[in-house]
């Protein structure tokens, strides 16, 4: 751990863990020849802390976790109410605008995830997770709102052939970004 003391606020001490070892530090119990040296790497700048190291911990983290569990549980009676009271059909204002907005969000998510991946930016996991969720939502509503017949066939074909595979790919990117960050933080 390294203590970081901002010059303007001496009382605000933050602790960070270096991203890797400094060149030339001998590895304990390293396999191979005696005196093996750990791989060299770059230290993280002092002001940057990994997302996994900033996660809520202690009492605050437990309260946040239980609050989210309670919010999810509170949705169960609401879902039951909606399932029993909503009409099966309805007229919708701004239908085209709603779908264009969703597709714009999908395009922004796919392009930003692609740009972050090509730059090898670790934040690609965040946009990949959001884009995967949007793709699943798009596939669901495309299929569920399509009229029966040719429109439903097109919606299912797009869901199976494009939206769901892209959602799976984005989900894999997101999981790998999180698991890669967690394993690097524990080294």
Over 10 Å intervals from 0, what percent of Cα-Cα pairs in segment 77-142 sits in each interval? 19, 33, 28, 15, 5
Determine the gain in length on full extension of the stretch residue 105-residue 117; use 0.36 nm per residue of separation and subtract their C-alpha separation, reporting nm with one decimal. 2.5 nm
How much length is gained on full extension from residue 179 to residue 144, taking 0.36 nm per residue of separation minus their Cα-Cα distance? 9.2 nm
Please work out the Cα center distance from segment 68-123 to segment 157-178, rounded to the nearest Å. 15 Å
Can you tell me the order of 80-91, 114-125, 96-107 when each peptide is scored by its average per-residue count of other Cβ atoms within 10 angstrom, highest first? 114-125, 96-107, 80-91
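Would you mind ranking 93, 157 by Cβ crowding within 10 Å, fewest neighbours first?
Numbers: 93 6, 157 10.
Ordered by Cβ neighbours within 10 Å, fewest first: 93, 157.
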Using R₀ = 45 Å, calculate the FRET efficiency as 1/(1 + (r/R₀)^6) where r is the Cβ-Cβ separation of residue 88 and residue 172; round to 0.05. 0.80
Note down, for segment 94-182, the three equivalent ellipsoid semi-axes (square root of 5 times each alpha carbon gyration tensor eigenvalue), biggest first, whole angstrom. 28, 14, 9
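Values quoted throughout were computed directly from the atomic coordinates according to the rules given, and no laboratory measurement underlies them. The model shown is predicted, which means the values in this text are computed figures rather than measured ones. Neighbour counts run over all protein chains shown; Cβ positions are idealised from the backbone, glycine included.
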